[in-house]
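Read the structure below first, then the notes.
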Amino acid sequence: MKLYDFAPAPNPRRVRFFLAEKGVEVDNQQVDLTKGEQRSEAFRAINPAMDVPVLELDDGRCIHQVDAICRYLEELYPQNPLWGRDSFERAQVNIHNHQIMLNGLMAVAEAYRNTTPMFVDRAVPGPHNYAQSPELAARGMLRVANFFSDMDAHFAANQYVVGDYFSIADIQAVVVIDFAKWVKVRIAPEQQHLQRWYDQVSARPAAKA
């Protein structure tokens, strides 16, 4: 298998982290988003949505979108489950993973893509062009601040996102915290519960993937 990747970007990192936790190695091909390689005709033939990551299977079929890729890998490599160990736990992982994507990842992306010169008229990824919005950037920054506060409160009573179970939701959350540095948001000194969790997850060997 081969992963189409862009090393600095948050979404491909989530898949690399997941693969590393599973102990699975795949080929890697970089797609330079800063040069617009994702909008080339060659890459559009691989992924019409024009984003990374994309997992190319050995038979040439492709899967894009992080959750779709990671669910496929979970079925292929069920050892060390990261989507939950029983039906209820899987439901909890799905709930939290979706909330982290909605309230964390999308909030940072909203702030970042609406303020970064590289994304003028490209405020939303994909095949269509959208102008930047200062109002959406401001809203994104507020949402990021609220996300950090909410997660700090959550970790006051939980070792990981889902109780004492490390899951894909933790992978997504730690990537969001690092992604927020792109908009100059960091864990505040008083957010000690969030910092404790962040240090614990960041120390995992797979976090360096």
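Of the residues A169, A188, A173, only one is assigned to a loop (DSSP other than H, G, I, E, B) and in contact (Cβ under 8 Å) with a residue 12 or more places away in the chain; which? Break it down into steps so the answer makes sense when it comes.
On the way: A169 fails: assigned to a loop (DSSP other than H, G, I, E, B); A173 fails: assigned to a loop (DSSP other than H, G, I, E, B).
Checking each option against the conditions leaves just A188.
Can you work out which of the residues in segment 71-94 that are surrounded by 16 or more Cβ atoms within 10 Å (Cβ to Cβ) and of a type in the set (A, V, I, L, M) is farthest from D164 (Cα to Cα)?
Filtering segment 71-94 for residues that are surrounded by 16 or more Cβ atoms within 10 Å (Cβ to Cβ) and of a type in the set (A, V, I, L, M), the one farthest from D164 (Cα to Cα) comes out as L73.
Could you figure out which of (1) farther than 16 Å from Q99 by Cα; (2) crowded, with 18+ Cβ neighbours inside 10 Å isn't true of W182?
(2)
Restricting attention to segment 14-53, which residues are surrounded by 18 or more Cβ atoms within 10 Å (Cβ to Cβ) and either among the polar types (S, T, N, Q) or under 23 Å from P78 (Cβ atoms) (or both)? Walk me through how you get there before you give the answer.
Taking segment 14-53 first, the residues surrounded by 18 or more Cβ atoms within 10 Å (Cβ to Cβ) are 14-19, 21-22, 31, 33, 38, 43, 46-47, 50-53.
Result: R14, V15, R16, F17, F18, L19, E21, K22, Q38, N47, P53.
For residues in segment 105-130 being more than 14 Å from the chain's Cα centre (by Cα) and of a type in the set (A, V, I, L, M, F, W, C), which is farthest from G163 (Cα to Cα)?
V120
Throughout, read-outs are computed from the coordinates displayed, never taken from laboratory work. From a predicted model like this one, the values you see are computed outputs, not experimental measurements. With ideal geometry, Cβ positions are generated from the backbone for all residues, glycine too; neighbour counts draw on all protein chains shown.
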